[in-house]
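A.B. asks: Here's a structure for you.
The values are calculated or read from the model by the stated rules, or taken from the named source; none is laboratory data. Being a predicted model, the structure only gives us computed values, none of them experimental. Positions of Cβ are generated from backbone atoms using ideal geometry, with glycine treated the same way; all protein chains shown enter the neighbour counts.
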Amino acid sequence: MTAPVAGYVRIHRRLFGHAAFRNDSEALAFAWMVAKASWKETRVRYKEHTITLQRGELSVSIRDLALVLDRPKGWVERLISRLKNETMIETRRAAGGRTAPLIIFVRNYDVFQHSGDTDETPQKTLNRTRGETATGQRPDREQVREEYKKKETPSGVSRASRLSPSFEPSDGSGKMAQIAARWTPDQRAKEIERWRAHHMAKGTTMIDWDSAWQTWIGNSEKFGATRQRPLDLGYGEGHSGIPI
């Protein structure tokens with residue numbers, strides 16, 4: 001069909017779901033054409049014909065394309081016709097008349113195979129994919145993570161952050177505020193200290209730290225009695241729990 005092709009082409013995810021295709025199978029068929037197209041002028045031999053292919057062209061019969069894609073011939077013919085109507089491809093016959101092999105030209109081929117990519121080695125492509133710079137140095141991992149967050153987080157949406165040591169939480173209102181109101185200032189300060197130490201040690205990230213503190217208040221109501229109860233070592237009620 002075509003000469004062996006090495007290297008890479010750029011296929012965007014938006015190809016799948018494009019209005020020109022009825023399903024992903026058709027998108028994959030077009031991607032196959034892109035991958036098989038010649039990236040530079042080349043001579044190939046196909047079906048007893050010597051053919052000169054220009055950049056972005058491939059030679060394949062409808063029958064062979066149907067065999068490769070494991071689809072009926074009619075399915076391939078309808079796809080080729082629709083891609084031509086969508087101005088995504090053009091077709092012509094090689095020299096030799098109607099019996100000569102079909103040549104398919106992928107329009108906008110440079111979108112999938114930039115002219116500067118022709119001498120790119122597999123290692124160069126992998127380096128670019130991994131995010132390495134032109135000097136071979138990789139960007140700082142935290143820098144990459146922050147850039148990713150900037151791209152992925154919609155404008156106006158808060159991102160989770162770590163607890164600041166100077167953050168003063170709000171008790172809120174309702175039941176949580178009522179529980180916190182029963183604490184003395186010293187008890188509240190100690191609970192905040194425990195809360196801060198817990199989350200800072202774990203490196204927890206939250207979008208709403210006030211809500212996290214109010215959850216802590218509710219949990220302190222459940223577990224506070226257990227935490228404050230003297231250790232019972234079996235010395236009887238009222239004993240300090242410290243053996244003599």
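A.B. asks: Just one of G17, G74, G56 is at negative phi and in the same structural domain as V111 (by TED's automatic domain parsing); which is it?
C.D. replies: Going through G17, G74, G56 in turn, the sole match is G74.
A.B. asks: While we're looking at this one, here's another question. Regarding segment 76-83, can at least one residue be identified that is out of contact with any Cys (no Cβ under 6 Å at 6 or more places or on another chain) and either modelled with pLDDT under 70 or more than 20 Å from D24 (Cβ to Cβ) (or both)?
C.D. replies: No, there is no match, as no residue in segment 76-83 is out of contact with any Cys (no Cβ under 6 Å at 6 or more places or on another chain) and either modelled with pLDDT under 70 or more than 20 Å from D24 (Cβ to Cβ) (or both).
A.B. asks: Go over the candidates R182, R227, R188, R196 one by one and state the one that is over 25 Å from the mean Cα position of the chain (by Cα), modelled with pLDDT of 55 or more and exposed (fewer than 11 other Cβ atoms within 10 Å of the Cβ).
C.D. replies: The conditions single out R182.
A.B. asks: Just the residues that are within 20 Å of V9 (Cβ to Cβ), in contact (Cβ under 8 Å) with a residue 40 or more places away in the chain and either among the aliphatic types (A, V, I, L, M) or in a loop (DSSP other than H, G, I, E, B) (or both), please, taken from segment 69-110.
C.D. replies: Of everything in segment 69-110, those that are within 20 Å of V9 (Cβ to Cβ), in contact (Cβ under 8 Å) with a residue 40 or more places away in the chain and either among the aliphatic types (A, V, I, L, M) or in a loop (DSSP other than H, G, I, E, B) (or both) turn out to be L69, L79, L83, E86, M88, I89, I103, I104, V106, R107.
A.B. asks: Restricting the search to segment 35-63, which residues are of a type in the set (A, V, I, L, M, F, W, C) and either closer than 18 Å to V76 by Cβ or free of Cβ contacts under 8 Å to residues at least 12 places away in the same chain (or both)?
C.D. replies: A35, A37, L58, V60, I62
A.B. asks: Based on what the data block shows, is R14 part of a helix (DSSP H, G or I), surrounded by fewer than 19 Cβ atoms within 10 Å (Cβ to Cβ) and at pLDDT 90 or above?
C.D. replies: So R14 does not fit the description; no.
A.B. asks: Scan (1) among the small types (G, A, S); (2) within 24 Å of G96 (Cα to Cα); (3) touching a residue at least 24 places away in the same chain (Cβ under 8 Å) for the single condition A66 breaks and write down its number.
C.D. replies: All conditions are met except number (3).
A.B. asks: Can you name the condition, by its number, that L233 falls short on among (1) of a type in the set (A, V, I, L, M); (2) within 35 Å of the chain's Cα centre (by Cα); (3) at pLDDT below 50?
C.D. replies: That leaves (2) as the condition not met.
A.B. asks: Any residue at all in segment 20-27 that's among the small types (G, A, S), surrounded by 13 or more Cβ atoms within 10 Å (Cβ to Cβ) and at positive phi?
C.D. replies: Taking every residue of segment 20-27 in turn, none turns out to be among the small types (G, A, S), surrounded by 13 or more Cβ atoms within 10 Å (Cβ to Cβ) and at positive phi.
A.B. asks: Of the residues in segment 31-54, how many are buried (at least 16 other Cβ atoms within 10 Å of the Cβ) and in contact with a strand residue (DSSP E or B) (Cβ under 8 Å, 6 or more places away or on another chain)?
C.D. replies: Looking only at that region, the number is 9.
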